[in-house]
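Student: This is the structure, below, for whatever I ask next.
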Amino acid sequence: MNGINPNRSFRRPLRPLTPEDYIAGILQRDRMILSRAITLIESTLPEHRALAEIVLEKCLPHAGKSLRIGITGTPGVGKSTFIETFGARCAMGENRLAVLAIDPSSRVSGGSILGDKTRMPHLSVHPNVFIRPSPAGDSLGGVARKTRETIVLCEAAGFNRILVETVGVGQSETAVREMTDFFLLLLLPGAGDDLQGIKRGIVEAADLVAVNKADGDREKAARQAQQFYKTALHYFPPKNSGWIPQVTTCSALSGMGLDTILEFILNYKTMTESNGFFEKQRGEQSAYWFKETIIETLHQRFYNHPSIQNHYQQIENQIVMGKVSPFAGAEDLLKAFFK
């Protein structure tokens, strides 16, 4: 034996792509190049970010033509099964679906449900579907911005329906709401119990509440929950879209109610396009991400600045010991940053 493992497969290193290569490949719906472009967006290397910005700018005129659907829900609600079965309906006919996730906690939790495509065995091999897990990251703002940019690339690649799923907790639902057209909240049977762990803002943001697992012995409880949530939604103020949030039941396992959910979403799109809210919301979301990008970029540059890295821990220790006030410490670091 010559020491070489005959069973080991070797891959030739991928050749570097120019901005023109990326743009042409994306517009030609080349999934390999689309995946490489998304990896470029996820990179923290300055040269990759510079290249990604060129690609994004060139793809922007070809984006914006999809229906963006946000999905969130309580733990154990069955989001992976729901996306598997509902996604197949979204990808029927000539429709093309991209499934994305926002999971800023994936470095700790081991990844989102989308990180393991075996949980969606049928959808992951569907010819009209592209699944991309979220990048691991400590910053929700950074992960969310990358997902927002990934939407642009997917739309330029011809995906006309985008599912954005929130896997993390806390403010990730707000981030998804600010990058999608329609917000779907999945809840479990058991009226009242499920709302205890959900922030009011998440329920208020929902355009549709779907009580999942409404099958077998849980069907009666699901119907009761449906009536409970209908009553609860009446206490929220009217939406600027003019849309009245609906409550329905479904079973991701059997497929019951999923066609109704898709019909609700398409009706919402038709109504908000006709009254002008659809484009108005898109514009407001772009302004939101403009501001968020400034904040995220300043955050990164501040903490990566040599003067900050050299003195941050020292000043923090002084603050902990009570020798320096938090305000004076922050002022010192900001002066060093802007010097």
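Student: Taking segment 304-339 only, how many residues are closer than 30 Å to ARG148 by Cα and surrounded by 12 or more Cβ atoms within 10 Å (Cβ to Cβ)?
Tutor: 4
Student: Go through segment 234-252 and give me each residue that's buried (at least 16 other Cβ atoms within 10 Å of the Cβ), under 25 Å from GLN281 (Cα atoms) and in contact with an Asp or Glu (Cβ under 9 Å, 6 or more places away or on another chain).
Tutor: Passing the criteria: SER241, TRP243, PRO245, GLN246.
Student: Output the residue which, of all residues in segment 202-250 that are small (Gly, Ala, Ser) and in a helix (DSSP H, G or I), is nearest to MET271 (Cα to Cα).
Tutor: Here the answer is ALA205.
Student: Taking ARG282 as the residue in question, decide whether it is among the charged types (D, E, K, R), in a helix (DSSP H, G or I) and within 24 Å of the chain's Cα centre (by Cα).
Tutor: Yes: the conditions hold for ARG282.
Student: Of all residues in segment 205-222 being surrounded by 15 or more Cβ atoms within 10 Å (Cβ to Cβ) and more than 17 Å from GLY78 (Cα to Cα), which is modelled with the lowest pLDDT?
Tutor: Selected residue: ALA205.
The values are calculated or read from the model by the stated rules, or taken from the named source; none is laboratory data. The shown structure was predicted, so the numbers you read here are calculated from the model rather than taken from an experiment. All Cβ positions, glycine included, derive from the backbone under ideal geometry; neighbour counts span all protein chains shown.
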